[in-house]
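Please read the structure below before turning to the comments.
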Amino acid sequence: MAFDITADEQELVDAVVSISKDVLVPQAAAADANERVSDETLKTLAEVGVMGLNLPEEFGGPGVGSVAMSQMVASVTEACASTASIVTAQFLATDSILLGGTEAQREAWLPRAAAGEVIGSFGLTEPGAGSNPAEMSTKATRVDGGWHIKGTKCFITNAGFADFIVVYAKTDVDAGHKGISAFIVDTAAASAGLDFNPPEKTMGLRGSPVYEFVIDTIVPEDALLGVEGEGFTTAMRVLDRGRIEVAAMSLGIGKAALDAAVDWAGERKISGKPLNRLQGIAFKLADMYTKYRSAWLLTMDAAEQRDAEVDFTRSSATAKLAASEAAAFIADEALQIHGGYGFTRDFPLERYVRDARIYRIYEGSSEIQRTIIARSLSK
Ligand SMILES: Cc1cc2nc3c(=O)[nH]c(=O)nc-3n(C[C@H](O)[C@H](O)[C@H](O)COP(=O)(O)OP(=O)(O)OC[C@H]3O[C@@H](n4cnc5c(N)ncnc54)[C@H](O)[C@@H]3O)c2cc1C
(Lines give C-alpha, C1' and ligand atoms only; values in the text may rest on other atoms or scores of the structure.)
Protein backbone atom coordinates (compact mmCIF):
# COMPACT_ATOMS: atom_id res chain seq x y z
CA MET A 1 0.00 0.00 0.00
CA ALA A 2 2.65 2.48 -1.03
CA PHE A 3 0.67 4.19 -3.77
CA ASP A 4 3.94 4.78 -5.61
CA ILE A 5 3.95 6.28 -9.06
CA THR A 6 6.84 6.37 -11.54
CA ALA A 7 8.89 9.46 -12.38
CA ASP A 8 7.20 9.64 -15.80
CA GLU A 9 3.77 9.44 -14.19
CA GLN A 10 4.74 12.17 -11.70
CA GLU A 11 5.81 14.40 -14.59
CA LEU A 12 2.39 13.98 -16.20
CA VAL A 13 0.60 14.53 -12.86
CA ASP A 14 2.56 17.79 -12.46
CA ALA A 15 1.62 18.89 -15.99
CA VAL A 16 -2.07 18.16 -15.35
CA VAL A 17 -1.99 19.99 -12.00
CA SER A 18 -0.47 22.98 -13.73
CA ILE A 19 -3.01 23.00 -16.61
CA SER A 20 -5.82 22.55 -14.11
CA LYS A 21 -4.74 25.67 -12.23
CA ASP A 22 -3.85 27.79 -15.25
CA VAL A 23 -6.55 26.76 -17.75
CA LEU A 24 -9.41 24.98 -15.97
CA VAL A 25 -9.92 27.07 -12.84
CA PRO A 26 -10.36 30.36 -14.78
CA GLN A 27 -13.07 28.87 -17.05
CA ALA A 28 -14.98 26.78 -14.46
CA ALA A 29 -17.62 29.36 -13.46
CA ALA A 30 -18.23 30.31 -17.11
CA ALA A 31 -18.59 26.65 -18.17
CA ASP A 32 -21.20 26.25 -15.43
CA ALA A 33 -23.05 29.44 -16.40
CA ASN A 34 -22.87 28.79 -20.17
CA GLU A 35 -23.76 25.12 -19.65
CA ARG A 36 -20.84 23.96 -21.81
CA VAL A 37 -17.10 23.41 -21.40
CA SER A 38 -15.53 24.89 -24.52
CA ASP A 39 -13.99 22.77 -27.28
CA GLU A 40 -10.86 24.85 -26.81
CA THR A 41 -10.53 23.65 -23.20
CA LEU A 42 -10.91 20.01 -24.24
CA LYS A 43 -8.32 20.55 -26.99
CA THR A 44 -5.83 21.89 -24.45
CA LEU A 45 -6.38 18.86 -22.25
CA ALA A 46 -5.99 16.51 -25.22
CA GLU A 47 -2.60 18.07 -25.99
CA VAL A 48 -1.20 16.80 -22.67
CA GLY A 49 -2.90 13.41 -23.07
CA VAL A 50 -5.81 13.83 -20.64
CA MET A 51 -8.49 12.62 -23.10
CA GLY A 52 -6.77 9.23 -23.28
CA LEU A 53 -5.38 8.87 -19.74
CA ASN A 54 -7.06 5.47 -19.43
CA LEU A 55 -5.39 4.06 -22.54
CA PRO A 56 -2.16 2.10 -22.97
CA GLU A 57 0.66 3.47 -25.11
CA GLU A 58 -0.08 1.08 -27.99
CA PHE A 59 -3.40 2.91 -28.47
CA GLY A 60 -2.04 6.43 -28.09
CA GLY A 61 -2.53 6.85 -24.34
CA PRO A 62 0.22 7.65 -21.83
CA GLY A 63 0.01 4.15 -20.34
CA VAL A 64 -0.22 5.35 -16.76
CA GLY A 65 -1.44 3.27 -13.83
CA SER A 66 -4.70 3.85 -12.03
CA VAL A 67 -3.02 5.43 -8.97
CA ALA A 68 -1.49 8.19 -11.13
CA MET A 69 -4.64 8.49 -13.21
CA SER A 70 -6.79 8.96 -10.09
CA GLN A 71 -4.55 11.81 -8.98
CA MET A 72 -4.95 13.48 -12.37
CA VAL A 73 -8.72 13.00 -12.47
CA ALA A 74 -8.90 14.50 -8.96
CA SER A 75 -6.80 17.45 -10.04
CA VAL A 76 -8.97 18.18 -13.10
CA THR A 77 -12.10 17.96 -10.93
CA GLU A 78 -10.66 20.17 -8.21
CA ALA A 79 -10.44 22.83 -10.93
CA CYS A 80 -13.61 22.10 -12.91
CA ALA A 81 -15.94 19.17 -12.24
CA SER A 82 -17.85 19.64 -15.51
CA THR A 83 -14.65 19.17 -17.49
CA ALA A 84 -13.82 16.05 -15.49
CA SER A 85 -17.24 14.58 -16.22
CA ILE A 86 -16.79 15.03 -19.98
CA VAL A 87 -13.32 13.48 -19.76
CA THR A 88 -14.40 10.50 -17.66
CA ALA A 89 -17.40 9.84 -19.98
CA GLN A 90 -14.79 9.62 -22.73
CA PHE A 91 -13.02 6.99 -20.59
CA LEU A 92 -16.24 4.96 -20.21
CA ALA A 93 -16.64 4.93 -23.99
CA THR A 94 -13.03 4.06 -24.76
CA ASP A 95 -12.78 1.53 -21.90
CA SER A 96 -15.77 -0.24 -23.51
CA ILE A 97 -13.78 -0.58 -26.74
CA LEU A 98 -10.52 -1.41 -24.95
CA LEU A 99 -12.10 -4.17 -22.84
CA GLY A 100 -14.77 -5.49 -25.19
CA GLY A 101 -13.69 -4.60 -28.71
CA THR A 102 -11.77 -6.39 -31.43
CA GLU A 103 -8.22 -5.40 -32.34
CA ALA A 104 -9.55 -3.65 -35.46
CA GLN A 105 -12.06 -1.63 -33.40
CA ARG A 106 -9.38 -0.63 -30.90
CA GLU A 107 -7.09 0.52 -33.70
CA ALA A 108 -9.90 2.36 -35.48
CA TRP A 109 -11.13 4.41 -32.50
CA LEU A 110 -8.74 4.51 -29.55
CA PRO A 111 -5.73 6.45 -30.92
CA ARG A 112 -8.07 9.15 -32.26
CA ALA A 113 -9.91 9.30 -28.93
CA ALA A 114 -6.62 9.55 -27.04
CA ALA A 115 -5.60 12.47 -29.26
CA GLY A 116 -8.95 14.17 -28.60
CA GLU A 117 -9.82 13.98 -32.31
CA VAL A 118 -13.01 12.10 -31.48
CA ILE A 119 -15.27 12.34 -28.44
CA GLY A 120 -17.00 9.24 -27.13
CA SER A 121 -20.08 8.56 -25.09
CA PHE A 122 -21.33 5.58 -23.06
CA GLY A 123 -24.98 4.71 -23.73
CA LEU A 124 -26.25 2.32 -21.09
CA THR A 125 -29.07 4.03 -19.13
CA GLU A 126 -32.66 4.12 -20.37
CA PRO A 127 -35.84 5.74 -19.05
CA GLY A 128 -36.97 2.34 -17.75
CA ALA A 129 -33.56 0.94 -16.77
CA GLY A 130 -31.04 2.89 -14.66
CA SER A 131 -29.88 1.04 -11.56
CA ASN A 132 -30.68 -2.26 -13.24
CA PRO A 133 -29.46 -1.94 -16.83
CA ALA A 134 -30.26 -5.60 -17.51
CA GLU A 135 -33.87 -4.43 -17.80
CA MET A 136 -33.07 -2.31 -20.85
CA SER A 137 -35.50 -2.40 -23.76
CA THR A 138 -33.32 -1.10 -26.61
CA LYS A 139 -33.02 -3.92 -29.11
CA ALA A 140 -30.60 -4.75 -31.90
CA THR A 141 -31.86 -7.11 -34.57
CA ARG A 142 -29.80 -8.76 -37.30
CA VAL A 143 -30.57 -7.41 -40.78
CA ASP A 144 -28.84 -7.81 -44.12
CA GLY A 145 -25.28 -6.49 -43.70
CA GLY A 146 -25.64 -5.31 -40.13
CA TRP A 147 -27.86 -4.61 -37.12
CA HIS A 148 -31.01 -2.55 -36.66
CA ILE A 149 -30.78 -0.75 -33.29
CA LYS A 150 -33.99 0.71 -31.90
CA GLY A 151 -34.66 2.26 -28.50
CA THR A 152 -34.24 5.26 -26.21
CA LYS A 153 -31.27 6.13 -24.01
CA CYS A 154 -31.30 8.87 -21.37
CA PHE A 155 -28.87 10.90 -19.24
CA ILE A 156 -26.02 10.11 -21.64
CA THR A 157 -23.04 12.41 -21.03
CA ASN A 158 -21.44 13.86 -24.22
CA ALA A 159 -23.97 12.10 -26.50
CA GLY A 160 -25.22 15.20 -28.35
CA PHE A 161 -21.75 16.19 -29.54
CA ALA A 162 -20.05 12.79 -29.53
CA ASP A 163 -18.38 11.29 -32.60
CA PHE A 164 -19.22 7.80 -31.40
CA ILE A 165 -21.58 6.34 -28.82
CA VAL A 166 -21.15 2.87 -27.38
CA VAL A 167 -24.80 1.79 -27.32
CA TYR A 168 -25.80 -1.22 -25.24
CA ALA A 169 -28.77 -3.16 -26.61
CA LYS A 170 -30.49 -6.53 -26.35
CA THR A 171 -29.64 -8.93 -29.16
CA ASP A 172 -31.49 -11.80 -27.45
CA VAL A 173 -34.46 -10.69 -25.36
CA ASP A 174 -34.89 -14.12 -23.78
CA ALA A 175 -31.33 -14.44 -22.48
CA GLY A 176 -31.45 -11.87 -19.64
CA HIS A 177 -28.18 -10.00 -19.17
CA LYS A 178 -26.44 -12.57 -21.38
CA GLY A 179 -28.54 -11.28 -24.28
CA ILE A 180 -27.01 -7.80 -24.10
CA SER A 181 -24.44 -6.70 -26.70
CA ALA A 182 -22.71 -3.39 -27.35
CA PHE A 183 -22.33 -1.44 -30.60
CA ILE A 184 -20.05 1.37 -31.67
CA VAL A 185 -22.39 3.86 -33.27
CA ASP A 186 -20.58 6.32 -35.52
CA THR A 187 -22.79 9.38 -35.00
CA ALA A 188 -21.95 10.98 -38.37
CA ALA A 189 -22.82 7.81 -40.29
CA ALA A 190 -25.96 7.20 -38.21
CA SER A 191 -27.10 10.82 -37.94
CA ALA A 192 -30.46 10.27 -39.69
CA GLY A 193 -31.32 7.58 -37.14
CA LEU A 194 -30.34 9.53 -34.03
CA ASP A 195 -32.77 12.04 -32.55
CA PHE A 196 -31.40 14.03 -29.61
CA ASN A 197 -33.51 15.99 -27.16
CA PRO A 198 -32.03 19.25 -25.87
CA PRO A 199 -29.61 18.69 -22.96
CA GLU A 200 -31.22 18.05 -19.55
CA LYS A 201 -31.47 21.02 -17.18
CA THR A 202 -29.30 19.55 -14.43
CA MET A 203 -28.62 20.74 -10.88
CA GLY A 204 -24.84 20.48 -11.24
CA LEU A 205 -22.12 19.61 -13.73
CA ARG A 206 -23.90 22.08 -15.94
CA GLY A 207 -20.91 22.46 -18.25
CA SER A 208 -21.15 18.75 -19.09
CA PRO A 209 -24.40 18.24 -21.00
CA VAL A 210 -26.37 15.00 -20.76
CA TYR A 211 -28.88 13.92 -23.39
CA GLU A 212 -31.83 11.68 -24.01
CA PHE A 213 -31.92 10.31 -27.55
CA VAL A 214 -33.97 7.98 -29.66
CA ILE A 215 -31.99 5.62 -31.86
CA ASP A 216 -33.54 3.90 -34.85
CA THR A 217 -30.75 3.07 -37.25
CA ILE A 218 -28.93 0.31 -39.08
CA VAL A 219 -25.26 -0.07 -38.25
CA PRO A 220 -22.78 -2.24 -40.17
CA GLU A 221 -21.82 -5.72 -39.03
CA ASP A 222 -18.46 -4.52 -37.69
CA ALA A 223 -20.19 -2.06 -35.32
CA LEU A 224 -20.90 -4.98 -32.98
CA LEU A 225 -18.41 -4.53 -30.14
CA GLY A 226 -16.39 -7.72 -29.87
CA VAL A 227 -18.59 -10.73 -29.30
CA GLU A 228 -22.39 -10.90 -29.32
CA GLY A 229 -23.85 -11.38 -25.81
CA GLU A 230 -20.78 -9.98 -24.02
CA GLY A 231 -22.11 -6.43 -23.65
CA PHE A 232 -23.30 -6.66 -20.06
CA THR A 233 -20.01 -8.16 -18.87
CA THR A 234 -18.13 -5.41 -20.67
CA ALA A 235 -20.35 -2.71 -19.14
CA MET A 236 -19.83 -4.08 -15.62
CA ARG A 237 -16.05 -4.23 -16.12
CA VAL A 238 -16.09 -0.66 -17.46
CA LEU A 239 -18.10 0.51 -14.45
CA ASP A 240 -15.71 -1.19 -12.00
CA ARG A 241 -13.00 1.06 -13.45
CA GLY A 242 -15.30 4.05 -13.79
CA ARG A 243 -16.22 3.95 -10.12
CA ILE A 244 -12.60 4.60 -9.16
CA GLU A 245 -12.79 7.63 -11.45
CA VAL A 246 -15.98 8.83 -9.73
CA ALA A 247 -14.20 8.37 -6.40
CA ALA A 248 -11.28 10.43 -7.76
CA MET A 249 -13.66 13.15 -8.95
CA SER A 250 -15.19 13.19 -5.47
CA LEU A 251 -11.70 13.71 -4.02
CA GLY A 252 -11.25 16.67 -6.36
CA ILE A 253 -14.32 18.51 -5.10
CA GLY A 254 -13.56 17.41 -1.53
CA LYS A 255 -10.10 18.99 -1.73
CA ALA A 256 -11.30 22.19 -3.38
CA ALA A 257 -14.01 22.66 -0.74
CA LEU A 258 -11.76 21.71 2.18
CA ASP A 259 -8.99 24.11 1.09
CA ALA A 260 -11.53 26.92 0.63
CA ALA A 261 -12.98 26.26 4.10
CA VAL A 262 -9.56 26.17 5.78
CA ASP A 263 -8.59 29.49 4.15
CA TRP A 264 -11.89 31.16 4.99
CA ALA A 265 -11.86 29.92 8.59
CA GLY A 266 -8.38 31.42 8.98
CA GLU A 267 -9.31 34.81 7.52
CA ARG A 268 -12.90 35.48 8.57
CA LYS A 269 -13.13 37.01 12.03
CA ILE A 270 -16.03 36.86 14.48
CA SER A 271 -15.67 39.12 17.55
CA GLY A 272 -12.03 39.70 16.59
CA LYS A 273 -11.13 36.00 16.45
CA PRO A 274 -10.70 33.92 13.30
CA LEU A 275 -13.41 31.32 12.77
CA ASN A 276 -10.94 28.48 13.16
CA ARG A 277 -10.48 29.41 16.83
CA LEU A 278 -14.09 28.49 17.48
CA GLN A 279 -14.28 24.86 18.51
CA GLY A 280 -17.55 24.37 16.60
CA ILE A 281 -15.78 25.34 13.36
CA ALA A 282 -12.48 23.63 14.17
CA PHE A 283 -14.29 20.33 14.75
CA LYS A 284 -16.04 20.70 11.40
CA LEU A 285 -12.65 21.15 9.69
CA ALA A 286 -11.27 18.10 11.50
CA ASP A 287 -14.23 15.96 10.42
CA MET A 288 -13.96 17.22 6.84
CA TYR A 289 -10.26 16.38 6.70
CA THR A 290 -10.82 12.94 8.23
CA LYS A 291 -13.48 12.06 5.67
CA TYR A 292 -11.31 13.43 2.85
CA ARG A 293 -8.27 11.47 3.94
CA SER A 294 -10.24 8.24 4.45
CA ALA A 295 -11.74 8.62 0.99
CA TRP A 296 -8.30 9.34 -0.49
CA LEU A 297 -6.84 6.16 1.03
CA LEU A 298 -9.76 4.01 -0.13
CA THR A 299 -9.55 5.45 -3.64
CA MET A 300 -5.82 4.88 -3.95
CA ASP A 301 -6.26 1.39 -2.48
CA ALA A 302 -8.83 0.55 -5.16
CA ALA A 303 -6.55 2.05 -7.83
CA GLU A 304 -3.61 0.02 -6.57
CA GLN A 305 -5.68 -3.17 -6.67
CA ARG A 306 -6.70 -2.37 -10.23
CA ASP A 307 -3.05 -1.83 -11.14
CA ALA A 308 -2.18 -5.15 -9.48
CA GLU A 309 -4.79 -6.81 -11.73
CA VAL A 310 -6.60 -8.46 -8.83
CA ASP A 311 -10.40 -8.42 -8.47
CA PHE A 312 -11.23 -4.84 -7.50
CA THR A 313 -15.04 -4.82 -7.73
CA ARG A 314 -15.54 -4.47 -3.98
CA SER A 315 -12.76 -1.95 -3.47
CA SER A 316 -13.95 0.28 -6.33
CA ALA A 317 -17.51 0.19 -4.94
CA THR A 318 -16.19 0.97 -1.44
CA ALA A 319 -14.08 3.86 -2.72
CA LYS A 320 -16.96 5.30 -4.73
CA LEU A 321 -19.39 5.01 -1.82
CA ALA A 322 -17.03 6.57 0.73
CA ALA A 323 -15.62 9.29 -1.53
CA SER A 324 -18.94 10.41 -3.00
CA GLU A 325 -20.51 10.66 0.46
CA ALA A 326 -17.41 12.47 1.75
CA ALA A 327 -17.46 14.99 -1.11
CA ALA A 328 -21.09 15.89 -0.44
CA PHE A 329 -20.43 16.27 3.30
CA ILE A 330 -17.28 18.37 2.83
CA ALA A 331 -18.85 20.64 0.18
CA ASP A 332 -21.89 21.25 2.36
CA GLU A 333 -19.84 21.98 5.49
CA ALA A 334 -17.49 24.24 3.52
CA LEU A 335 -20.48 26.26 2.33
CA GLN A 336 -21.76 26.41 5.92
CA ILE A 337 -18.40 27.75 7.14
CA HIS A 338 -18.64 30.50 4.50
CA GLY A 339 -22.04 31.56 5.88
CA GLY A 340 -24.09 33.77 3.56
CA TYR A 341 -21.10 34.28 1.27
CA GLY A 342 -21.09 30.56 0.53
CA PHE A 343 -24.66 30.82 -0.71
CA THR A 344 -23.75 33.46 -3.31
CA ARG A 345 -22.44 32.77 -6.77
CA ASP A 346 -19.46 35.04 -6.06
CA PHE A 347 -17.87 32.00 -4.43
CA PRO A 348 -17.54 28.48 -5.90
CA LEU A 349 -19.02 26.74 -2.82
CA GLU A 350 -22.57 26.55 -4.15
CA ARG A 351 -21.19 25.04 -7.38
CA TYR A 352 -19.21 22.45 -5.42
CA VAL A 353 -22.39 21.44 -3.54
CA ARG A 354 -24.37 21.16 -6.80
CA ASP A 355 -21.61 19.33 -8.67
CA ALA A 356 -20.83 16.84 -5.88
CA ARG A 357 -24.44 15.68 -5.65
CA ILE A 358 -24.23 13.50 -8.76
CA TYR A 359 -21.40 11.31 -7.49
CA ARG A 360 -23.87 9.54 -5.16
CA ILE A 361 -26.10 8.79 -8.16
CA TYR A 362 -24.27 7.99 -11.38
CA GLU A 363 -22.30 4.87 -12.26
CA GLY A 364 -24.36 3.11 -9.60
CA SER A 365 -25.96 5.03 -6.74
CA SER A 366 -24.79 4.75 -3.12
CA GLU A 367 -27.56 2.19 -2.57
CA ILE A 368 -26.22 0.09 -5.45
CA GLN A 369 -22.64 0.34 -4.12
CA ARG A 370 -23.87 -0.89 -0.73
CA THR A 371 -25.61 -3.78 -2.51
CA ILE A 372 -22.38 -4.69 -4.36
CA ILE A 373 -20.28 -4.49 -1.18
CA ALA A 374 -22.75 -6.48 0.93
CA ARG A 375 -23.12 -9.15 -1.76
CA SER A 376 -19.34 -9.53 -2.00
CA LEU A 377 -19.09 -9.99 1.79
CA SER A 378 -21.62 -12.82 1.76
CA LYS A 379 -19.90 -14.82 -1.00
C1 LIG B 1 -25.52 14.00 -14.85
C2 LIG B 1 -25.73 12.58 -15.22
C3 LIG B 1 -24.85 11.95 -16.09
C4 LIG B 1 -25.06 10.63 -16.46
N5 LIG B 1 -24.23 10.06 -17.42
C6 LIG B 1 -24.52 8.82 -17.88
C7 LIG B 1 -23.79 8.26 -18.99
O8 LIG B 1 -22.88 8.89 -19.55
N9 LIG B 1 -24.13 7.03 -19.45
C10 LIG B 1 -25.15 6.30 -18.88
O11 LIG B 1 -25.40 5.20 -19.35
N12 LIG B 1 -25.85 6.80 -17.82
C13 LIG B 1 -25.58 8.03 -17.32
N14 LIG B 1 -26.30 8.56 -16.28
C15 LIG B 1 -27.37 7.77 -15.68
C16 LIG B 1 -27.07 7.31 -14.26
O17 LIG B 1 -26.07 6.33 -14.26
C18 LIG B 1 -28.40 6.82 -13.63
O19 LIG B 1 -29.18 7.99 -13.39
C20 LIG B 1 -28.19 6.04 -12.37
O21 LIG B 1 -27.61 4.79 -12.66
C22 LIG B 1 -29.49 5.81 -11.59
O23 LIG B 1 -30.51 5.32 -12.43
P24 LIG B 1 -31.94 6.04 -12.42
O25 LIG B 1 -31.74 7.48 -12.59
O26 LIG B 1 -32.80 5.34 -13.41
O27 LIG B 1 -32.51 5.78 -10.95
P28 LIG B 1 -33.33 4.50 -10.47
O29 LIG B 1 -32.65 3.27 -10.93
O30 LIG B 1 -34.76 4.69 -10.81
O31 LIG B 1 -33.16 4.61 -8.88
C32 LIG B 1 -34.01 5.45 -8.08
C33 LIG B 1 -33.60 5.28 -6.63
O34 LIG B 1 -33.81 3.91 -6.22
C35 LIG B 1 -32.62 3.40 -5.65
N36 LIG B 1 -32.48 1.99 -5.97
C37 LIG B 1 -32.50 1.40 -7.19
N38 LIG B 1 -32.29 0.07 -7.07
C39 LIG B 1 -32.11 -0.17 -5.76
C40 LIG B 1 -31.84 -1.35 -4.98
N41 LIG B 1 -31.67 -2.53 -5.57
N42 LIG B 1 -31.75 -1.22 -3.63
C43 LIG B 1 -31.92 -0.03 -3.03
N44 LIG B 1 -32.15 1.12 -3.71
C45 LIG B 1 -32.25 1.05 -5.04
C46 LIG B 1 -31.50 4.21 -6.31
O47 LIG B 1 -30.34 4.20 -5.52
C48 LIG B 1 -32.12 5.60 -6.38
O49 LIG B 1 -31.98 6.23 -5.14
C50 LIG B 1 -26.12 9.89 -15.89
C51 LIG B 1 -27.00 10.51 -14.99
C52 LIG B 1 -26.84 11.84 -14.68
C53 LIG B 1 -27.86 12.49 -13.77
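The values are calculated or read from the model by the stated rules, or taken from the named source; none is laboratory data. Quantities reported herein were computed from a predicted structural model and do not represent experimental measurements. Cβ sites come from the backbone with ideal geometry, for glycine too, and all protein chains shown count toward neighbours. Heavy atoms of the whole protein, side chains included, go into the accessibility calculation; ligands, DNA and RNA do not. Shrake-Rupley method; radii C 1.70, N 1.55, O 1.52, S 1.80 Å.
For A7 and R268, what does the FRET efficiency come to when R0 = 35 Å and r is the distance between their Cβ atoms, rounded to the nearest 0.05?
Working: r = 41 Å, r/R0 = 1.17.
Efficiency, rounded to the nearest 0.05: 0.30.
Taking the Cα-to-Cβ direction at E221 and at E200 and moving 7 Å from each Cα, how far apart do the two end points lie in nm?
Between E221 and E200, the label points sit 3.8 nm apart.
Once phi is turned into ³J(HN,Hα) by the Karplus curve 6.51 cos²θ - 1.76 cosθ + 1.60 with θ = phi - 60°, what whole-Hz value does each residue of segment 367-379 show in order, with x for glycine and proline?
5, 5, 4, 4, 4, 5, 5, 4, 4, 5, 6, 8, 5
Given the options F343, F59, F329, state which has the largest fluctuation in a GNM of the chain using a 10 Å cut-off (strictly under) for Cα springs.
Most flexible of the set in this elastic network: F343.
Can you tell me the accessible area per residue over the chain, all protein chains present, probe 1.4 angstrom, in square angstrom?
43
Taking only DSSP H segments of four or more residues, each worth -39500 (n - 2.57), what value at 222 nm results for the chain once the sum is divided by all its residues, to the nearest 500 deg cm²/dmol?
Details: 12 runs with 195 residues, N = 379.
Result for the chain: -17000 deg cm²/dmol, rounded to the nearest 500.
How big is the antiparallel share of DSSP beta bridges in segment 120-232, given as a percent to the nearest 5?
Details: 27 of 32 bridges.
Of those bridges, close to 85 percent are antiparallel.
Tell me the label-point distance for the pair R142, I373, using the 7 Å Cα-to-Cβ offset, in nm and rounded to one decimal.
4.4
For segment 7-114, what % of the accessible area comes from carbon and sulfur atoms, probe 1.4 Å?
On the way: 1970 of 3880 Å².
The computed percentage sits at 51.
Which residue, chosen from A140, A223, T157, occupies the Cα position most advanced towards the positive end of the dipole of segment 120-232, where the dipole is computed from +1 (Lys, Arg) and -1 (Asp, Glu) charges on Cβ about the Cα centre?
Comparing the listed Cα positions along the dipole, T157 ranks first.
For the chain, set up a Gaussian network in which alpha carbons nearer than 10 Å are linked by springs, and say which option among D259, D39, D222 fluctuates the most.
Maximum fluctuation in the GNM of the chain, among the listed residues, is at D39.
DSSP beta bridges in the chain, what fraction antiparallel, as a percent rounded to 5? Walk me through the intermediate numbers first.
Numbers: 29 of 34 bridges.
Antiparallel: roughly 85 percent of the beta bridges in the chain.
Express in whole angstrom the spacing between the alpha-carbon centres of segment 39-73 and segment 1-36.
The distance from the Cα centre of segment 39-73 to that of segment 1-36 comes to 11 Å.
List, in the order given, every pair from K201/K320; K170/K291; K21/K320; K153/K284 whose Cα-Cα distance in the structure shown is over 32 Å. Can you show the working numbers first?
On the way: K201/K320 25 Å; K170/K291 41 Å; K21/K320 25 Å; K153/K284 41 Å.
Too far apart for the 32 Å limit: K170/K291; K153/K284.
Of G179, Y341, L205, which is farthest towards the positive pole of the chain's charge dipole, taken about the Cα centre with +1 and -1 on the beta-carbons of Lys, Arg and Asp, Glu respectively?
Farthest towards the positive pole: Y341.
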